[in-house]
Amino acid sequence: MDTVDRRSLLKTLSSAGLVSAVPNSVSGRDPAMPHVVHEAAETGADPDEKPKYSIKFAVIGLDHNHINGITAAVQRGGGELVSVYATNPKAIADFQKRFGNVKVARSENEILEDPSIKLVASAAIPDQRAALGIRVMRHGKDYLSDKPAMTTLEQLAEVRKVVAETGRIFAIMYSERLEVKAAVKAGELVKSGAIGRVIQTVNLAPHQIYQSGEATRPEWFWDPARYGGILCDIGSHQADQFLYFTGSTVADVTASQIANVDHPDKPKFQDFGDMMLHGNGGAGYVRVDWFTPRGLGVWGDGRLFIIGTEGYIELRKYTDVAGRKGGNHLFIVDQKQARYIECNNVVLPFGAQFVSDIVNRTHVAQDQQQALLAAELVLKAQKNARVLQFSV
């Protein structure tokens, strides 16, 4: 049976809850590792089911291409994109090419003062995101920001104040958990007690400076005053995962460090950082960097290890070097067996849950306090980080 046929069969069986009945020869058990059970994750939802709710939303700020994933997620959840505002004509043209000939607003206020728009999404320059979110909330709308959603603790304090005053949602797209199918499956396993009580998360998050088709980065990318610094920026994803998987509601930074190892022409830039975190649900370690080599073929070999009292989970999110093709690989070992779970069939729930939250004033897609606590952790880690100096 070829790969296409096998995947089609697995998808059909998993949607019917029958994946466990697939024989080893079909499920792809590796003859070299016969003790590892191979599975395909169930979808968790009907991928063709229409969203229950619908809202109108707009986009302000196209300074990072993460806005494409943010917009697509809201659309999948029932969002109707009605307008966009940005100051970069090329970015607007690229956005319209991807999302259709969406109306270009004449000003930010045209969007903010439109009562039919319930949500504003943004990937503005990071140091502008919090202030925009505050303006959005004070106009009676909810807000979904790219990460990092703020670059200083003072911005965070003001955001928390306005959230309390207005009752609006200030959401942050931590896409390495919310938009990664293997991470969604890991969340299901952890919540079901599959590895016992979580003790620690370990996140390795290498990134690539120049991705496919890129020759340059904007000037703000190199200035930590604009992007927040490496722990604030990339580390935001990892702090979110630490809180979520450990279930920590109170947390702080144990230690942190940053460095500019190999970019002397950009003296303010930080290309390496790590941090240790602790909370009332567990511990965490995070390493982030900008050293993914071009030969990898993807922008980063992101890995997450979740260690529990009864087992552990490893995610190879974007690639399995010299192993299986593609991404969304999950490995779980418990007291009974070792399993590999292919997670490409998993339906991402964030979009539909988030639109439902806006309609029903709930926080299912993302806990508001947890989202802002993740931001607080990386802001503290960044502010107090030891600056490493390496001798040549």
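Each principal axis of the Cα atoms in the chain has its own extent, and those three values, largest first, are 60, 57, 42 angstrom.
Can you give me the relative contact order of the range 55-174 as a percent, contacts being Cα pairs under 8 Å and 6 or more apart?
Details: 208 pairs, mean separation 31.8, N = 120.
Relative CO of the range 55-174 lands at 27 percent.
Here the peptides 267-273, 138-144 are ranked by packing, the mean other Cβ count within 10 Å, and the order with the highest first is 138-144, 267-273.
Count Lys and Arg as plus one, Asp and Glu as minus one, and take only other residues whose Cβ is under 15 Å from that of Trp290; the net charge is then -4.
With K and R counted +1 and D and E -1, the other residues having a Cβ less than 10 Å from that of Arg129 yield a net charge of -2. Other residues lying with their Cβ under 11 Å from the Cβ of Val347 contribute a combined charge of -1, Lys and Arg counting +1, Asp and Glu -1.
Here each label is just a point 7 Å from Cα along the line to Cβ, and for Ala45 and Asp262 those points are 4.0 nm apart.
Projected label points at Glu154 and Met276, each 7 Å from Cα along the beta carbon direction, are separated by 3.2 nanometres. Shown here for the range 64-167: GluC sites (Glu not before Pro) in loop regions (DSSP other than H, G, I, E, B) with at most 13 other Cβ atoms within 10 Å, namely Glu113. On a C-alpha basis, how far is the centre of the range 203-261 from the centre of the range 64-121 in Å? Whole number, if you could? So the separation of the two Cα centres works out to 25 Å. Cα gyration tensor of the range 301-387, axes a ≥ b ≥ c as square roots of the eigenvalues: rounded (a/c below 1.5), prolate (a/b > b/c) or oblate? Judged from the Cα gyration tensor, the range 301-387 comes out oblate (a/c at least 1.5, b/c at or above a/b). Once a ≥ b ≥ c are taken as the square roots of the eigenvalues of the Cα gyration tensor of the range 82-135, is the result rounded (a/c under 1.5), prolate (a/b larger than b/c) or oblate (a/b not larger than b/c)? Oblate, because a/c is 1.5 or more while a/b does not exceed b/c. Cross-link reach is defined here as a Cα-Cα straight distance under 16 Å, omitting same-chain residues fewer than 8 places apart; for Lys147 the lysines meeting it are Lys380.
Bear in mind that the values in this text are calculations on the coordinates, not laboratory data. From a predicted model like this one, the values you see are computed outputs, not experimental measurements. We place every Cβ from the backbone using ideal geometry, glycine too, and count neighbours over all the protein chains shown.
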